[in-house]
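S.K.: The following block contains the structure, expressed as C-alpha cells.
The values are calculated or read from the model by the stated rules, or taken from the named source; none is laboratory data. It should be emphasised that the depicted structure is a prediction, and the values quoted were computed from it without experimental measurement. Don't worry about glycine lacking a Cβ; one is built from the backbone with ideal geometry, like all the others, and counts go over all protein chains shown. Accessible surface areas use protein heavy atoms only, side chains included; no ligands, DNA or RNA. Shrake-Rupley method; radii C 1.70, N 1.55, O 1.52, S 1.80 Å.
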Amino acid sequence: MARRTAVAWAALGPLLWGCALALQGGMLYPRESPSRQRKELDGLWSFRADFSHNRRRGFEEQWYRRPLRESGPTLDMPVPSSFNDISQDWRLWDFVGWVWYEREVILPERWTQDLSTRVVLRIGSAHAYAIVWVNGVDTLEHEGGYLPFEADISNLVQVGPLSSQLRITIAINNTLTPTTLPPGTIQYLTDTSKYPKGYFVQNVYFDFFNYAGLQRSVLLYTTPTAYIDDITVTTSVEHDSGLVNYQISVKGSNLFELEVRLLDAENKLVANGTGTQGQLKVPGARLWWPYLMHERPAYLYSLEVRLTAQTSLGPVSDFYTLPVGIRTVNVTKSQFLINGKPFYFHGVNKHEDADIRGKGFDWPLLVKDFNLLRWLGANAFRTSHYPYAEEVLQMCDRYGIVVIDECPGVGLELPQFFNNVSLQNHMRVMEEVVRRDKNHPAVVMWSVANEPASHLESAGYYLKMVIAHTKALDPSRPVTFVTRSNYAADKGAPYVDVICVNSYYSWYNDFGHLELIQRQLTTQFENWYKTYQKPIIQSEYGAEAIVGFHQDPPLMFTEEYQKSLLEQYHVVLDQKRRKYVVGELIWNFADFMTEQSPLRVLGNKKGVFTRQRQPKSAAFLLRERYWKIANETRYPYSIAKSQCLENSPFT
Ligand code: GCB
C-alpha cells in the first residue's frame, strides 16, 4: 500500500506542478550572464539609529531627502551584518525601532544611458520592516526579514547626465508585532517608581537573539528590458530517464522566443526545448543524491535559458543559467524516500549567527560550517527558524546536504497570534519562501512553523490553512511544522506529511535524570506513530554544555552530560529508525546568542560546536554515529569504509 502511494505521487509530480498556484513575479537569484551584470554594495554604509522618543525623527526630518551625514552624526556600519554587536554604544545592542542605512553609488554609464537596460535594486534581507528611497524617492517597502525583495529602479537612474550617482537610503524597523512573522509584543512599563516615562521592552517568544539590520547583501543588477522573470523546475524519474519540467515567465515583451538547453556537468548538451513550458528527457540521467547516501552525491545539470524578444527599442536577448538536480521526493506511512530509496536524516539544526557579525552573511563562516557538516557526517539540516541566505542553499545543492526549509513561523505561542491578519501574512511569507527556494534540489520539505501552540483549536485551523496553501504553491514537496505539543492534543498534526517532534527529556523536565530518557522517548514515538501512522523526525533534542565544564558522573551543563543525554536518545533512535523514525536533528549545530535571561549563559549552549566552531565532546560522539549510520544506509550498499573517520572521507 505504502509503495503504491509513493509511485502514484512520483507519477503525478510533473503534472501537479502545472496546477501549482501561480506566484506573482519571480525572485531569481541575481546571476551574471552575457546579458546581466551585478554590482555588489557590500562594505561600509552610513548608519544612524533613531533614538528619539517616538523613534520617528527620521521621518519628521525626512532624513532620506539629503545625505545622512547632513542630518546628524553617522556610524560606519558593515553590510552584511547585524547592527547590534558592532558598536561600543550599548544602546544599539537591544535597540528597538528605526535605524537608517545609506550608501552612495556610482553606476556604470551604460546602465544609465542605455534605455534597453533594466536596473534592479535587490536587498537580500532587511529585518524586519524596510522602506527604501533612491535619491530621496520612495521606491520600495517590505515586511519580513530573511527574504529578498527588489525594485526596478531604471526610471530613477535613467533620467539625465548626472544620474550615474545614486544615493540609497534604507530605514529598517526591527519591531515585532502580534501579526509579524515571527510575532512579538511591545510592553510599556508604567510604574514610574521603577521605570522612566515611556519605557518599553520588546517581548519575543523565541529563543534566539533578534539580530537586525542589513544582514545579507544588497546589490544592483541589470537585465534587458524584456527579461526572464522566473523559472520553475520540477524533476521526476521514469525508468532510467530523468524528466525536467520547466515553466518560464517572461516580462517586458509579448513577442519572444525561448530556447532551453540542459547541459551536464561536463557542459555537454543532454536535452533541449523551446517555449515557456515543456519537459526535457534525459536518458541515463545522473541523479542528485544526498551526501553520503550515494558514492556520487549532488550531481547538478545546468538549465540554460535564452530569450530573444522584440521591444519598442529593437530586439534584445537575455540569458539565465539555473543549476538543476534531478531527484524525486516521496513520503509513505513510514519512510521518507529520495529517488525511491529510504532516506534517513542524520543532521543538525542551525542558526545563522556567529560572533560580532550576528546574523550577517559571511563566506568564511559558510564554508567552515559546511566543512564541519561534512566532518560530522551530517547529511541534512533544518533552517531553524527562518529561511537562510540563498548562498547557503546553493552550497547544499552542491554538497548534497538535504534541507528542511523553515519559514520564520516561530514563537506562535499566544492565542492572539492565530488571527486572520497573521494567517494572511503567514501565507504571503510562504509564497515568498517557495518563490525563492523552489528550484533547489536540496530542499526536500517545507516547514511552516516551529512549536506553535498547536494544542489550540484556532491553531489547528490556522496550520491547516497555511499547510494547504503551501501545498498548493508547491505540490512537489511534503510539508510539515515542528511540534512540541502532546500527540493527543496537537491540532495541526493531521495536516502534515511528516511528524516533526521536539523533546528535551532530562533537560527541561526531570533535570539530571538521564535514566528516564529511554522510557519517555519510546513512549513519545509509539504514541505519535499509533495515532498518525506517518514517518517521524526527532526534529530537536539536546542539552547545554559549557565548553570546558567537566564532571563525572555527569551533571547538567558539562560536556559529559550533553554526551550522555545524546547517547540515551540514540539507543531509542536506533530501535525506531528501522521502523518509522526517519530522522534525527540535533539541537544545535553550534552555540548561539539569545536574549539575556537567567536561563541562558551568554546565549544557548546546546551546540555540539561552540559559537567559534570548535568541537565539544558531543561532536565526536555524533560524528562516529553519523558515519556509522551513513555506512549502513548508503545506496547502493557497499561495505563500511574504514576511512570514514579520516579527514577527507568519501568524496
Ligand atoms: C526549542 C526551540 C528552540 C530552542 C530550544 C532550546 O524547542 O525550538 O528554538 O532554542 O528549544 O534550547 O530551548
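S.K.: State the three equivalent ellipsoid semi-axes of the stretch 501-587, derived from the C-alpha gyration tensor as the square roots of 5 times its eigenvalues, in descending order and whole Å.
M.R.: Semi-axes (√(5λ), whole Å): 25, 12, 10.
S.K.: Once the cut-off is 15 Å, how many percent of the Cα-Cα pairs in the stretch 478-543 end up in the long-distance tail?
M.R.: Of all Cα-Cα distances in the stretch 478-543, 50 percent exceed 15 Å.
S.K.: May I pose another question? Restricting everything to alpha-carbon atoms, can you work out Rg to Rh for the stretch 114-210 with a Kirkwood hydrodynamic radius?
M.R.: That ratio is 1.17, to two decimals.
S.K.: Which value, in Å to one decimal place, does the Kirkwood hydrodynamic radius take for the stretch 245-404 when every pair of different Cα atoms is included?
M.R.: 18.1
S.K.: Pulled fully out, how much extra length does the chain show between A489 and S317, if you take 0.36 nm times their separation in residues and subtract their Cα-Cα distance?
M.R.: Gain on extension, A489 to S317, equals 56.3 nm.
S.K.: Determine the principal axes of the Cα atoms in the stretch 18-133, then give the extent along each, sorted from largest to smallest and rounded to whole angstroms.
M.R.: Sorted largest first, the three principal extents are 49, 42, 27 Å.
S.K.: How would you classify the stretch 394-438 from its alpha-carbon gyration tensor, with a ≥ b ≥ c the square roots of the eigenvalues: rounded for a/c under 1.5, else prolate if a/b is greater than b/c, otherwise oblate?
M.R.: Oblate, since a/c reaches 1.5 and b/c is not below a/b.
S.K.: What does the C-alpha gyration tensor say about the overall shape of the stretch 207-304? Classify as rounded when a/c is under 1.5, otherwise prolate if a/b is larger than b/c, or oblate.
M.R.: Verdict is oblate for the stretch 207-304.
S.K.: Next up: What length, rounded to one decimal in nm, is gained on full extension from S164 through to N54, with 0.36 nm per residue of separation minus their alpha-carbon distance?
M.R.: Full extension from S164 to N54 adds 36.0 nm.
S.K.: So, one more: Tell me what the chain gives for mean residue ellipticity at 222 nm when only DSSP H runs of n ≥ 4 count, each as -39,500 (n - 2.57), the sum divided by the residue total, rounded to 500 deg cm²/dmol.
M.R.: Here the helix-only value at 222 nm equals -7000 deg cm²/dmol.
S.K.: Still on this structure: When the solvent-accessible surface of protein heavy atoms is calculated with a 1.4 angstrom probe, in what order do R118, R69 fall, highest first?
M.R.: So the residues, ranked largest to smallest area, are R69, R118.
S.K.: Quick one: grab Rg to one decimal and Dmax as a whole number for the stretch 405-464, Cα atoms only, in Å.
M.R.: Considering the stretch 405-464 through its Cα atoms, Rg and Dmax are 12.1, 36 Å.
S.K.: Separation between the E259 and R65 pseudo-spin-labels, each 7 Å from Cα along Cα→Cβ, expressed in nm?
M.R.: 5.3
S.K.: Once you order the gyration tensor axes a ≥ b ≥ c over the Cα atoms, which shape class does the stretch 398-555 get: rounded for a/c under 1.5, otherwise prolate or oblate by comparing a/b with b/c?
M.R.: Prolate, since a/c reaches 1.5 and a/b exceeds b/c.
S.K.: So for the chain, averaging the separation of alpha carbon pairs under 8 Å that are six or more residues apart and normalising by length, what relative contact order in percent results?
M.R.: It comes to 13 percent, rounded to a whole number.
S.K.: Largest first and to the nearest Å, give the Cα extent of the stretch 341-454 along each principal axis.
M.R.: On the principal axes, the stretch 341-454 reaches 44, 42, 24 Å in Cα extent.
S.K.: Over the residues of the stretch 21-77, compute the C-alpha Rg and express it relative to 2.2 N^0.38 Å.
M.R.: This ratio for the stretch 21-77 stands at 1.75.
S.K.: Could you pull the accessible area for Y291 with a 1.4 Å probe, rounded to 10 Å²?
M.R.: 10
S.K.: Moving on. What net charge is computed for the residues neighbouring S52, neighbours being all others with C-beta under 12 Å from the C-beta of S52, Lys and Arg scored +1, Asp and Glu -1?
M.R.: For residues surrounding S52, the net value is +1.
S.K.: How much FRET efficiency would the formula 1/(1 + (r/R0)^6) give for V105 and T308, where r is the Cβ-Cβ distance and R0 is 35 Å, rounded to 0.05?
M.R.: FRET efficiency, V105 to T308: 0.70.
S.K.: Apply the Kirkwood formula to the stretch 309-354: the hydrodynamic radius equals the inverse of the mean of 1/r over all pairs of different alpha-carbon atoms; give it in Å with one decimal.
M.R.: Final number for the Kirkwood radius of the stretch 309-354 is 15.6 Å.
S.K.: By the scheme Lys and Arg +1, Asp and Glu -1, what is the net charge of all other residues having a beta-carbon under 13 Å from that of D76?
M.R.: +1
S.K.: Same structure, new question: Using R₀ = 45 Å, calculate the FRET efficiency as 1/(1 + (r/R₀)^6) where r is the Cβ-Cβ separation of W93 and N155; round to 0.05.
M.R.: Rounded to the nearest 0.05, the efficiency is 0.65.
S.K.: Right, another one. Please give me the summed charge of the neighbours of D497: other residues whose Cβ is under 13 Å from its Cβ, Lys and Arg +1, Asp and Glu -1.
M.R.: With Lys, Arg at +1 and Asp, Glu at -1, the neighbours total +3.
S.K.: Counting other Cβ atoms within 10 Å of each Cβ, which chymotrypsin sites (Phe, Trp or Tyr not before Pro) in the stretch 506-588 have at most 15 and sit in a DSSP loop?
M.R.: Those satisfying the criteria are Y508, F511.
S.K.: Here's another thing I want to ask about it. Measuring from a point 7 Å past the Cα of Y635 along Cα-to-C-beta, which residues in the stretch 465-489 have an amide N at less than 19 Å?
M.R.: The answer is 476-479, whose backbone nitrogens lie closer than 19 Å to the label point.
S.K.: Okay, moving on. Based on the Cα coordinates of the stretch 141-188, what is the per residue volume of their convex hull in Å³?
M.R.: 103
S.K.: When the C-alpha atoms of the chain are aligned to their principal axes, what extent does each axis show, in angstrom, from largest down?
M.R.: Principal extents (Cα only, largest first): 76, 75, 49 Å.
S.K.: Same structure again: Enumerate the calculated ³J(HN,Hα) couplings along the stretch 486-500 in order (Karplus 6.51 cos²θ - 1.76 cosθ + 1.60, θ = phi - 60°), each rounded to whole Hz, writing x wherever the residue is Gly or Pro.
M.R.: 5, 4, 7, 9, 5, 9, x, 4, x, 9, 8, 8, 10, 7, 10
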